[in-house]
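Below: one structure, written as structure tokens.
The values are calculated or read from the model by the stated rules, or taken from the named source; none is laboratory data. What you see is a predicted model; the values in this text were computed from it and never measured. FYI the Cβ positions are ideal-geometry reconstructions off the backbone, even for glycines, and counts take in every protein chain you see.
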Amino acid sequence: MLWFLCLFLPASAHVFGSSQNITRNVPCTDKNHLFLAPGVLSAGGINRACISRFHPEGPARMVITLLADNGESTTAARDLPPGDGGCLDISVPLRPNTKADLIVNMRYPEVGCAWERRLTLRVAGARVLVLHVQRARLRPGDTLRVRAIALKPDLTPAHGNIEEMWLEGPRGAWEGVRVAQWRQLRTRLGLAQLQYRLDDHAPPGLWTVRARLADGSQGSTLFWVGNYELPPFQLTVRHSPRVLRSSERLVWTVCVRYPWTEAVEGMLVIRLRGAGGVGGGEGGGNAGVRTAVRLRSPRACHRHAAAARRVGLSGPNFPDVVVADFSFQEEGTRIWQNTTVVSQVVDNPVTLEFLTKHRAVVSPSLPYKLKVKATRWDDKPASGESVRVCRRPAPRAPDSSPSTTNSAPRDTCVSAQTDGRGIARVMFTPDADDSAFYDFEARLQNASASLRLSVRAAASLAALGPLRADSRAARTLVPLYLNLRDLSKPLTVHFVVITRGGIIYRWGATTQCAATRSGSQIEPAARNSSCGNPGRVLPLDSGLNNLDADSNQLEMNASDALLDRHLLRVMLPIKVTHQMCPDSHLLAYFYHNGELVSASKHFEMDECFANKVEASWTSRQVAPGAAATLQLSTPGPALCALTAVDSAALWMQPQPPLKDTLLSALKRLVEGHRNLTEYDAAGECFLTSDAAELPSSSLELTRAWLAAAGVRALGEAPPPSRCGSAPPPAPLMQHDDTQPRTDFSEAWLWRLVAVGLNSSATSTARAPDSITLYEAGAVCLAKTGIAISSPAVLQVFREFFIHADAPKTLRRGDNTIIRYRLFNYLFEPLSVQIQVLADPHLEGANRIESACVSARGSAARRVEVRARVPGTARLRIRAQATNDNKCGNTYKNNVSDEIIIEIQVEPEGVPVQEHKSTMLCASGSSEPMASNVTWSWRQSAAVAGTENLTVWAVSDGVGPLLADADALVTLPRGCGEQNMARLATNLLALRVLDPRAPAALAAREHVARGFTRQLQYAHVGGGFSAFGPADPTPSTWLTAFCLRYMHRAYHVLSPGAAAPPALRLAERWLLNQQMENGCFRNEGQVFHSELKGGLSEDGEIASVALTAYVITSLIEGAADVPLRVIRNSLSCLRAFPLSKSKTHTGVYAHSLLAYALMRLRNYEEDLRKTNEAYLREKEVASGLMEDEELRELVLLLKLAKRNKEYVYWESGSLATSIEASGYGLLALRGCGAALRAACGADARAEKS
């Protein structure tokens, strides 16, 4: 009998070297390995992967290879000694938003085998990019200052340039438009800053600054643009966002303060009312409460209480909300300020919430702690309340029911007291039965909360306890409680700390004997040693167990000691640092009796910054215009970015703290990586069921925990899982300082300061002249991380000053009233002489008057001025104490103040420019040109004082154009037609100017501003007109003109970027204007006839010329013009009446027609080279006929005028003749160099 011995090896086990007998101790199996790698790799960074060896005998070599999608490979290797495994770092190529294959290979030379596995991972950006603007609200024409901070996930600086940063306008027609753009911004320690001046006519709305790094990481921030004035005082209301329906009294606290925190005197008007409810209307017909209160200094706040019944809370039709309107009028200036607050009416005085950790799963016979948080209706903790918590088990078998079991599930309840933070703590131990879930319900008065926890189904179980500080070492210990049998041998427990979306912060293994003992020390054991008797384990009471028997909360160490006496445990050493912020996952796992046992713990941390910075002013109060010094203290070397903002500016548009913004960006990055990892790990089963199903095996649960932390695993494969049915779609749903105060900046101290090894630095700057509070902040970056200071408050103050409220701009002829107030914070009255002086730009302001200002009081005055001359107007208001004995004052000769208010006076009307040019030759020259010229301009209603004349002379053939190129650089403004004309001239200037010239830089900036401004004249349905949506319909001429030049402008501003939606809508609208005869409909109105060139009247010629202009604009843009549109347009162009071609209008139209046909011919040639479908369509429908464009060009040349060597086309005026000659030159340029001589010869032959 013949016997055949067949040896089957696992697919992952590869034998090399000499042949050996393979036994069950061969390490090259999936069950002997658990490989961990981040689910999302950091593009251009370094990632750590770790492997756990459950067969620790013998050395091994670990090799990791990363294969990118472009074939690039990276390899890292290390030798592992006999033991439990190790970690390895590998570089990741800069290939964001791709996938890569990670191959791990473990070779065991003593055994002669290898274990290899492959895992597909994602490569994505892993940088935190935070943008921060100095002010969250700007006026048109203000300077935008932006800082960009690029950090690694551990909040250390990310070196390298910022790939690009751009500015987007508000939503609407500006959506997606890059108003300004910067590329390759250099950073210092991950910090870059820039500034950009907004256009004087920047559209109002919410603007966006965006930035992108090379690894794909992006960041953005928002700011408002619009005209505003800083409020002279602030009206604030403190109220409860929710009120009880059973309340008897409602309370509001109203405060009115100046920016320097002093009280404001005036009249406060209060109206309280209920709104909504069963009866509808306001409070079910209740008119509410109206009250007026006069506020006097030094009291800045008023506490107002009202009976709840007066707003309808005690009635049957109680309101849903209570609305409180507050209006305050400042005494003297009569300036009003209003605010409204709303409080929701609720029935429950307390709300409950279970505070559960991430992915909570409980284990039978092992304790689990529950926290219930009680919050009062006013968002304060409900302390000292008794919360009753009940639990009910749910059977694991789906067909289990009370009728099929011995008894129905019973509820077990217990009460617990809330602490000072409103948290009640209870502990329970799940029964060792067949329960799949535990349903919990917490009750307090009428409030309730529910929770469902899953129960693990496994023979060997473990659970992680609370973190404990090791008093003898700088580390933290975590107990691992065990429910195991047969513990005669030590346990080797592997553990990993995963933070920030997949970063393996710490990996390790410890071998200990499980025992019940007090204390928090680690007692390591040899791997092959024996463990003594672990001692008698006292059982915990099953069910829900309150931690104390006398209804008083036990201390945490007491509860830990209770668990230590009752449960077997192993202590795990970890080191808690700021790098584990904002949250981390701790996972412990080991094999016991052939089964993988694991436990997971999720914990959050509040401290995320390794470095600290303190910012303080050396003097907390300075005089206006005096030097202020900010003191910084932080570990150096570092780079600190400073800023200081007026607190009044923060009233208008408060900004979130930079620390909150940074942590929010970090959390978005972390959650994004975790979600992608969970999606990839789940595969086709991702989100296929809404049921709270527990993984069927411990191995599957371990992989789910790892994926939730952002880590993928390789090792023993879990059993195949079946996906649940997909859920249905959700339904849609100083005193002697008399220098005048002129600087009233809202923000200052925008600078970078280097901190040396002494860990301190100072920065001194002149404080603005505003009497207010400034909040300064510092952001410091060092190699070890980032630090953000708390606000340092500086008060700019003097005892006697003037506080004025004036507009920023006026038009000539405008009248305005400027209100100002004199403040006296001395302890004696003052007799003050006030002098108001204005420069020649203003009139009606010069006056001298007197006023009495009481001790620690104020006096209000006003002055009416009229804008007289354009320019920067300066209004001086000076107040000085006098000794006239009118106010019972003591003479104060050195008490005075003076402010200078600057108001920009603009001329009325709109700017208009007119250009003339000629070519002159010297006397006696052989050229038939004149040697002098006389120009005259027609009379016009020009605004006096705004006229100017500029003359250029250049000794070059193209001198007039190039010399006057700077004159083309004008700021686009006016209506849609005027703005577009200036935008086109700036584009022309960019083509002829030296790119390094200052005029070219200005032209580029003007193009950006003109492009942004033009978008406000876009219609919602597409198209442009002179006044935008105010016009009934768009204009065909203007829309075609806009398409032609705005596509060019956007290519200059954002090369390679897709056209914004407003241009695509305009193209679509223009295509819809084609009529049945192929001509385009002349919709809308054109106010500037120059836009239509030489077409001064409507008719057949104008229709053909318009069609020629529209079709060339379409094909010169980025649009893919349908062939039917081109064919229909040719039908219209061929209808041009040759009998009228010799008129001025005909000559202009003929030049435009010849250019259009030549441009169409070139367009067809380009399509033939790139589009095979076009060739097939040409077989059934023809476009241009053979040499059709050349025949039109010959006819155009026959209409040309000649003066010796000069050829031109005359069409009436000089401007239209130049334009017609330009179209003729463009047509000649398009016919090809070989054909130009033939075209000219044919034209001369026909003319003869």
*Which residues, taken from segment 587-634, are acidic (Asp, Glu) and over 30 Å from the mean Cα position of the chain (by Cα)?*
Glu595
*Which condition number in (1) of a type in the set (D, E, K, R); (2) at pLDDT 80 or above; (3) surrounded by fewer than 21 Cβ atoms within 10 Å (Cβ to Cβ) is the one that Asp434 fails?*
(2)
_I'm checking my understanding of the structure. Among residues of segment 24-53 that are in contact with a Cys (Cβ under 8 Å, 6 or more places away or on another chain) and farther than 15 Å from Leu119 by Cα, which one is surrounded by the fewest Cβ atoms within 10 Å (Cβ to Cβ)?_
Val26
*Answer yes or no as to whether Pro319 is at pLDDT below 90, part of a loop (DSSP other than H, G, I, E, B), under 39 Å from the mean Cα position of the chain (by Cα) and of a type outside the set (A, V, I, L, M).*
yes
*Does segment 353-360 include one or more residues that are modelled with pLDDT under 85, assigned to a strand (DSSP E or B) and of a type outside the set (D, E, K, R)?*
no
*Show the residue pairs that are 6+ apart or on different chains and have beta-carbon atoms under 8 Å apart, the first residue being within segment 1127-1150 and modelled with pLDDT of 80 or more, the second being polar (S, T, N, Q) and not in a loop (DSSP other than H, G, I, E, B).*
Asn1128/Gln1074; Ser1129/Gln1074; Ser1129/Thr1107; Cys1132/Ser1103; Cys1132/Thr1107; Leu1133/Thr1107
*What's the number of the condition Asp606 fails, among (1) crowded, with 21+ Cβ neighbours inside 10 Å; (2) assigned to a loop (DSSP other than H, G, I, E, B)?*
(1)
_Just the residues that are among the hydroxyl-bearing types (Ser, Thr, Tyr), part of a strand (DSSP E or B) and surrounded by fewer than 19 Cβ atoms within 10 Å (Cβ to Cβ), please, taken from segment 209-253._
Ser220, Thr236, Thr253
*Can you work out which of the residues in segment 972-981 that are within 25 Å of Thr143 (Cα to Cα) and surrounded by fewer than 22 Cβ atoms within 10 Å (Cβ to Cβ) is nearest to the chain's Cα centre (by Cα)?*
Arg973
*Has segment 783-805 got any residue that is closer than 30 Å to Pro870 by Cα, of a type in the set (A, V, I, L, M) and in a loop (DSSP other than H, G, I, E, B)?*
no
*In the list Gly715, Gly672, Gly710, which residue meets the criterion of being at pLDDT 80 or above, over 30 Å from Thr764 (Cα atoms), in contact with an Asp or Glu (Cβ under 7 Å, 6 or more places away or on another chain) and not aliphatic (A, V, I, L, M)?*
Gly715
*Mind listing whichever residues of segment 116-174 are in a loop (DSSP other than H, G, I, E, B) and among the small types (Gly, Ala, Ser)?*
Gly125, Ala126, Ala136, Gly141, Ala158, Gly160, Gly169, Gly172, Ala173
*Within segment 56-72, identify whether any single residue is crowded, with 18+ Cβ neighbours inside 10 Å, at pLDDT below 90 and part of a loop (DSSP other than H, G, I, E, B), and answer yes or no.*
yes
*asked:* Looking only at residues that are hydroxyl-bearing (Ser, Thr, Tyr) and touching a Cys at 6+ places or on another chain (Cβ under 9 Å) in segment 472-529, which one is surrounded by the most Cβ atoms within 10 Å (Cβ to Cβ)?
replied: Thr499
*So, of the residues in segment 153-189 that are among the basic types (Lys, Arg) and surrounded by fewer than 18 Cβ atoms within 10 Å (Cβ to Cβ), which turns out to be farthest from Arg210 (Cα to Cα)?*
Arg188
_If I filter segment 880-896 for residues that are small (Gly, Ala, Ser), in a strand (DSSP E or B), at pLDDT 90 or above and in contact with a Leu (Cβ under 6 Å, 6 or more places away or on another chain), do I get at least one hit?_
no
*Quick one: count up the residues across segment 254-277 that are assigned to a loop (DSSP other than H, G, I, E, B) and of a type outside the set (Ser, Thr, Tyr).*
7
*So which of Gln734, Gln739 is under 30 Å from Arg876 (Cα atoms), among the polar types (S, T, N, Q), exposed (fewer than 14 other Cβ atoms within 10 Å of the Cβ) and at pLDDT 60 or above?*
Gln739
*Looking only at residues in segment 682-707 that are over 14 Å from Leu596 (Cα atoms) and polar (S, T, N, Q), which one is modelled with the lowest pLDDT?*
Ser689
*Do we find that Met1185 is in contact with a Cys (Cβ under 8 Å, 6 or more places away or on another chain) and at pLDDT 75 or above in this structure?*
no
*Check segment 923-944 and report whether any residue there is modelled with pLDDT of 75 or more and closer than 30 Å to Ala1008 by Cβ.*
yes
*Name the pairs: first residue in segment 483-504 and within 30 Å of Tyr679 (Cβ to Cβ) and in the same structural domain as Gly532 (by TED's automatic domain parsing), second residue part of a loop (DSSP other than H, G, I, E, B) and of a type outside the set (Gly, Ala, Ser), Cβ to Cβ under 6 Å, at least 6 apart or on different chains?*
Arg500/Pro153
*Tally time: how many residues in segment 77-97 are of a type in the set (A, V, I, L, M, F, W, C) and within 19 Å of Tyr505 (Cβ to Cβ)?*
4
*Got a sec? Which helices (runs of 4 or more DSSP H) wholly within segment 991-1095 have at least 2 residues that are under 29 Å from the mean Cα position of the chain (by Cα) and under 24 Å from Arg1127 (Cα atoms)?*
1061-1071
*Selected residue (criterion: nearest to Leu484 (Cα to Cα)) from residues of segment 361-410 that are charged (D, E, K, R) and at pLDDT below 60*: Arg396
*Could you count how many residues in segment 1212-1248 are modelled with pLDDT under 60 and not small (Gly, Ala, Ser)?*
7
*Residues in segment 821-829: is at least one under 39 Å from the mean Cα position of the chain (by Cα) and within 20 Å of Pro232 (Cβ to Cβ)?*
no
*Among the candidates Ile901, Ile834, Ile848, which residue alone is surrounded by fewer than 17 Cβ atoms within 10 Å (Cβ to Cβ) and touching a strand residue (DSSP E or B) at 6+ places or on another chain (Cβ under 7 Å)?*
Ile848
